[in-house]
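Worksheet: one structure, shown below.
The values are calculated or read from the model by the stated rules, or taken from the named source; none is laboratory data. Computed from a prediction, not measured in an experiment: that's the story for all the values here. Glycine gets a Cβ as well: all are built from the backbone with ideal geometry, and neighbour counts include every protein chain shown.
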Protein chains: 2
Amino acid sequence: MPRYLIYAQEQFGTPASKTAHSVIRYSRQQVAAVLDRRHAGRTVQDILGFGGDIPIVDSVAAGAARGADAFLVGIAVAGGGLPSDVRETVRVAIEHGLDIWNGLHGFVSDDPELGSLARERGVVVHDVRRPPDGLLVGAGRVRALEQTIVLAVGTDANIGKMTVMLQLRDALATRGVRGRFAPTGQTGIFIEGWGVCVDAVVADFIAGAAEQVTIEASRGADIVLVEGQGSILHPGYSGVSLGLLHGSLPHALIACHQQSRKTFRHNPWLEIPPLTDVIALHESIATPLRPTRTLGVSLNTADLSDREARVAIERTTEETGLPTTDPVRFDPAPLVDAVIAYDRERRSELARRPAEVS
Amino acid sequence: MPRYLIYAQEQFGTPASKTAHSVIRYSRQQVAAVLDRRHAGRTVQDILGFGGDIPIVDSVAAGAARGADAFLVGIAVAGGGLPSDVRETVRVAIEHGLDIWNGLHGFVSDDPELGSLARERGVVVHDVRRPPDGLLVGAGRVRALEQTIVLAVGTDANIGKMTVMLQLRDALATRGVRGRFAPTGQTGIFIEGWGVCVDAVVADFIAGAAEQVTIEASRGADIVLVEGQGSILHPGYSGVSLGLLHGSLPHALIACHQQSRKTFRHNPWLEIPPLTDVIALHESIATPLRPTRTLGVSLNTADLSDREARVAIERTTEETGLPTTDPVRFDPAPLVDAVIAYDRERRSELARRPAEVS
């Protein structure tokens, strides 16, 4: 696994470095240092309130001295290319022999100077939004797996689908259950060190990419936790979400929701339907391929007070009849319990009816 | 509009040249000649039973002499590249000054020799599976259109979605209604001379590509007939189908079905659900973005006798309560009538409630 120097120049602690924050939260042991000259000399804990004593440095050299062997572009950028400051710092990182992990739409390996410099220095460039070669058209390949597959779905994009699966990953580990996270987006890929950005593949291969990630994640696992993307009702991303659902063929779903959000991300014209309707719709469109069941609700309560958050969770439990929690703010146990109980139930059913494995 | 010499070497009249047959059926006036040495000297009518006196020739020169100004690769090829025979004939076509229309996964303009030869001769290469630049993420842009939008959907891929919309295009024209076909796949693009292959774009842009095609087709039309792709339950292509549905935001649907087909294309493990379930599912997943209604059923009866076909149509009408026909084998009138009636009804409702245009 890589040891990252995370580039967040002039942006650490702001929404533009959300990727950096997630990698630190869910993959702390892989982060050697953060690069932001504004906060150099302080720790990640000082800025984010978590992350412990990971140092913030002001140069690639200082990051390498802290043990980094990889350079992660941990900021978001509007548009396609590599901003000149990113580009220049990547060049320095390559010269220091650091592998490059880049999730921007502009690819480091396509840059004539950086690409050839990386080859010259023997540095590996991971442009994680570049689709892998040899993807297949989806054809139900995950049916061959015995593992329990759980997918996070949501009433909108950017609502906590990656987060709940990473919380489940960590909580299952503490319970001694072999759960493995299947990364389908750039931040998840940085955290796990592998995966496929399913929204970056050619449209014909969305489900095939989801199959590939699910099958890969099943190795050494009993439960596969597939990172969701978008929403099957999002005007821009619904195709990705449905291809992911039909490629990963989950036995069970975790529904992600935010009560205060009334309209879809970047689409203020479109109201988010009631959570129960969205859950029913997911089950209807998944079931013809493989019957699926929603196990619980992951509520994003980041914009609520503690009291409001508890009320929201209680109301959602009543409305849906499902275990509900905000797995970051409160204990993820209700969802962890539901996943473990479902997995046991499924395995005991399979043991009773071995001929009908599905 | 181009005047095609259609390349179907050694394959004309076989399933491998299905693209050629469709272009001839729906765009006959644009076909100058067909290239297949096996049938040179005969007419298209001799081989297909339609197409009239379009000549079949044995060389690019003979096709150019018949008035072709464009060369269309009218065969399907397994895998990625350009087969050597295709490549060599494309080279000759460029030397004759013919524009190139290519729907294969291998792009002519990416071939170093052919690409530079084309530039040298001033020949335009249309690699129609190459996504256009500047695609946007879908965001409900077609809501600004006043036209009635109709989308063909299906219980499976390759079931007649393009065909029914082209039959409707032609039938609406004879009724004096301004309907325009919105091409979303390579054969439709060859027929209309423009369009976007929505299954070839990066996954994030499926709905955006569908919006672009729908908006473009609305110019000068009262009814937009959007070519469907795949099926929202197809294990490989459902993402494309849903992105197309949520990008084109149809007011109304035509459902395409084949009674004899029991399992999904290339997925014998998966049964096709009952037509009425598939219709209901489409309406459920479309309606949160824009209410939609299924106007009729286009039945593919190619594998049935005349008597069986009539029974199938009658049974489908009973099951669904919807106008049903096989628009190629029989009169498309039931569907044409349904579309025209829906369009009139919608316009009179809009006239009554101008503030609620949607």
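Looking only at segment A:46-82, filter to residues that are under 16 Å from A:LEU98 (Cβ atoms) and within 21 Å of the chain's Cα centre (by Cα); which one of those is modelled with the lowest pLDDT?
Of everything passing the filter in segment A:46-82, A:GLY74 is modelled with the lowest pLDDT.
Conditions first: (1) in contact (Cβ under 8 Å) with a residue 40 or more places away in the chain; (2) under 14 Å from B:GLY243 (Cβ atoms); (3) in contact with a Pro (Cβ under 9 Å, 6 or more places away or on another chain); (4) not polar (S, T, N, Q). B:ALA171 passes all but one, so which condition is the exception?
In the conditions (1) in contact (Cβ under 8 Å) with a residue 40 or more places away in the chain; (2) under 14 Å from B:GLY243 (Cβ atoms); (3) in contact with a Pro (Cβ under 9 Å, 6 or more places away or on another chain); (4) not polar (S, T, N, Q), B:ALA171 misses (2) alone.
Can you go through A:ARG121, A:ARG42, A:ARG87 and tell me which one is basic (Lys, Arg) and within 24 Å of A:SER27 (Cα to Cα)? Before you say what the answer is, go through the steps one by one.
Values: A:ARG121 fails: within 24 Å of A:SER27 (Cα to Cα); A:ARG87 fails: within 24 Å of A:SER27 (Cα to Cα).
Among A:ARG121, A:ARG42, A:ARG87, only A:ARG42 is basic (Lys, Arg) and within 24 Å of A:SER27 (Cα to Cα).
What about B:VAL336, is it in contact (Cβ under 8 Å) with a residue 60 or more places away in the chain and either out of contact with any helix residue (DSSP H, G or I) (no Cβ under 6 Å at 6 or more places or on another chain) or crowded, with 20+ Cβ neighbours inside 10 Å (or both)?
Numbers: in contact (Cβ under 8 Å) with a residue 60 or more places away in the chain: yes; either out of contact with any helix residue (DSSP H, G or I) (no Cβ under 6 Å at 6 or more places or on another chain) or crowded, with 20+ Cβ neighbours inside 10 Å (or both): yes.
Spelling it out, B:VAL336 is indeed in contact (Cβ under 8 Å) with a residue 60 or more places away in the chain and either out of contact with any helix residue (DSSP H, G or I) (no Cβ under 6 Å at 6 or more places or on another chain) or crowded, with 20+ Cβ neighbours inside 10 Å (or both).
If you check A:ALA173, A:ALA157, A:ALA200, A:ALA207, which single one turns out to be surrounded by 24 or more Cβ atoms within 10 Å (Cβ to Cβ) and either within 14 Å of another protein chain (Cβ to nearest Cβ) or at pLDDT 95 or above (or both)?
A:ALA207
Does segment A:103-123 contain at least one residue that is touching an Asp or Glu at 6+ places or on another chain (Cβ under 8 Å) and of a type in the set (Ser, Thr, Tyr)?
Yes, segment A:103-123 has at least one match.
State whether one or more residues within segment B:127-147 are in contact with a strand residue (DSSP E or B) (Cβ under 8 Å, 6 or more places away or on another chain) and without any contact (Cβ under 8 Å) to a residue 60 or more places away in the chain.
yes
For segment B:241-274, what are the residues that are over 18 Å from B:THR320 (Cα atoms), among the polar types (S, T, N, Q) and surrounded by 18 or more Cβ atoms within 10 Å (Cβ to Cβ)?
B:SER241, B:SER248, B:ASN267
Could you say whether any residue in segment B:305-313 is touching a strand residue (DSSP E or B) at 6+ places or on another chain (Cβ under 8 Å) and surrounded by 24 or more Cβ atoms within 10 Å (Cβ to Cβ)?
Looking for residues that are touching a strand residue (DSSP E or B) at 6+ places or on another chain (Cβ under 8 Å) and surrounded by 24 or more Cβ atoms within 10 Å (Cβ to Cβ), one finds none in segment B:305-313, hence no.
Could you tell me whether any residue of segment B:68-88 is of a type outside the set (A, V, I, L, M, F, W, C), in the same structural domain as B:LEU35 (by TED's automatic domain parsing), more than 17 Å from B:ALA8 (Cβ to Cβ) and in contact with a helix residue (DSSP H, G or I) (Cβ under 8 Å, 6 or more places away or on another chain)? Give the steps one after another, and end with the answer.
The initial filter retains those residues of segment B:68-88 that are of a type outside the set (A, V, I, L, M, F, W, C), namely B:69, B:74, B:79-81, B:83-85, B:87-88.
From what is left, the residues that are in the same structural domain as B:LEU35 (by TED's automatic domain parsing) are B:69, B:74, B:79-81, B:83-85, B:87-88.
Filter once more, so that each one left must be more than 17 Å from B:ALA8 (Cβ to Cβ): B:69, B:79-81.
Retained after the next criterion (residues that are in contact with a helix residue (DSSP H, G or I) (Cβ under 8 Å, 6 or more places away or on another chain)): none.
No, because not a single residue in segment B:68-88 is of a type outside the set (A, V, I, L, M, F, W, C), in the same structural domain as B:LEU35 (by TED's automatic domain parsing), more than 17 Å from B:ALA8 (Cβ to Cβ) and in contact with a helix residue (DSSP H, G or I) (Cβ under 8 Å, 6 or more places away or on another chain).
Any chance you could count how many residues in segment B:227-265 are touching a strand residue (DSSP E or B) at 6+ places or on another chain (Cβ under 9 Å), over 11 Å from B:LYS161 (Cβ atoms) and of a type in the set (Val, Ile, Thr)?
Selection size over segment B:227-265: 2.
Search segment A:210-225 for residues being small (Gly, Ala, Ser) and away from chain B (no Cβ under 13 Å), and hand back the single one that is surrounded by the fewest Cβ atoms within 10 Å (Cβ to Cβ).
A:GLY220
Tell me which residues, restricted to segment B:303-333, are of a type outside the set (D, E, K, R) and free of Cβ contacts under 8 Å to residues at least 40 places away in the same chain.
To start, the set of residues in segment B:303-333 that are of a type outside the set (D, E, K, R) comprises B:304-305, B:309, B:311-313, B:316-317, B:320-325, B:327-328, B:330, B:332-333.
Those that are of a type outside the set (D, E, K, R) and free of Cβ contacts under 8 Å to residues at least 40 places away in the same chain: B:SER305, B:ALA309, B:VAL311, B:ILE313, B:THR317, B:GLY321, B:PRO323, B:THR324, B:THR325, B:PHE330.
Quick one: which of A:THR294, A:THR316 is over 20 Å from the mean Cα position of the chain (by Cα) and either more than 14 Å from every other protein chain (Cβ to nearest Cβ) or surrounded by 24 or more Cβ atoms within 10 Å (Cβ to Cβ) (or both)? Even if it seems obvious, please write down each step before you answer.
Details: A:THR294 fails: over 20 Å from the mean Cα position of the chain (by Cα).
None of the others qualify; the one that does is A:THR316.
Collect the residues in segment B:226-268 that are more than 10 Å from chain A (Cβ to nearest Cβ) and of a type in the set (Gly, Ala, Ser), keeping them in residue-number order.
Once the filter is applied, which keeps residues that are more than 10 Å from chain A (Cβ to nearest Cβ) and of a type in the set (Gly, Ala, Ser), segment B:226-268 yields B:GLY228, B:SER231, B:SER248, B:ALA252, B:ALA255, B:SER260.
Would you pick out the residues in segment A:176-197 that are more than 16 Å from the chain's Cα centre (by Cα) and either under 17 Å from A:LEU145 (Cβ atoms) or within 14 Å of chain B (Cβ to nearest Cβ) (or both)? Full working, then the answer.
Of all residues in segment A:176-197, those more than 16 Å from the chain's Cα centre (by Cα) come to A:176-178.
Those that are more than 16 Å from the chain's Cα centre (by Cα) and either under 17 Å from A:LEU145 (Cβ atoms) or within 14 Å of chain B (Cβ to nearest Cβ) (or both): A:VAL177, A:ARG178.
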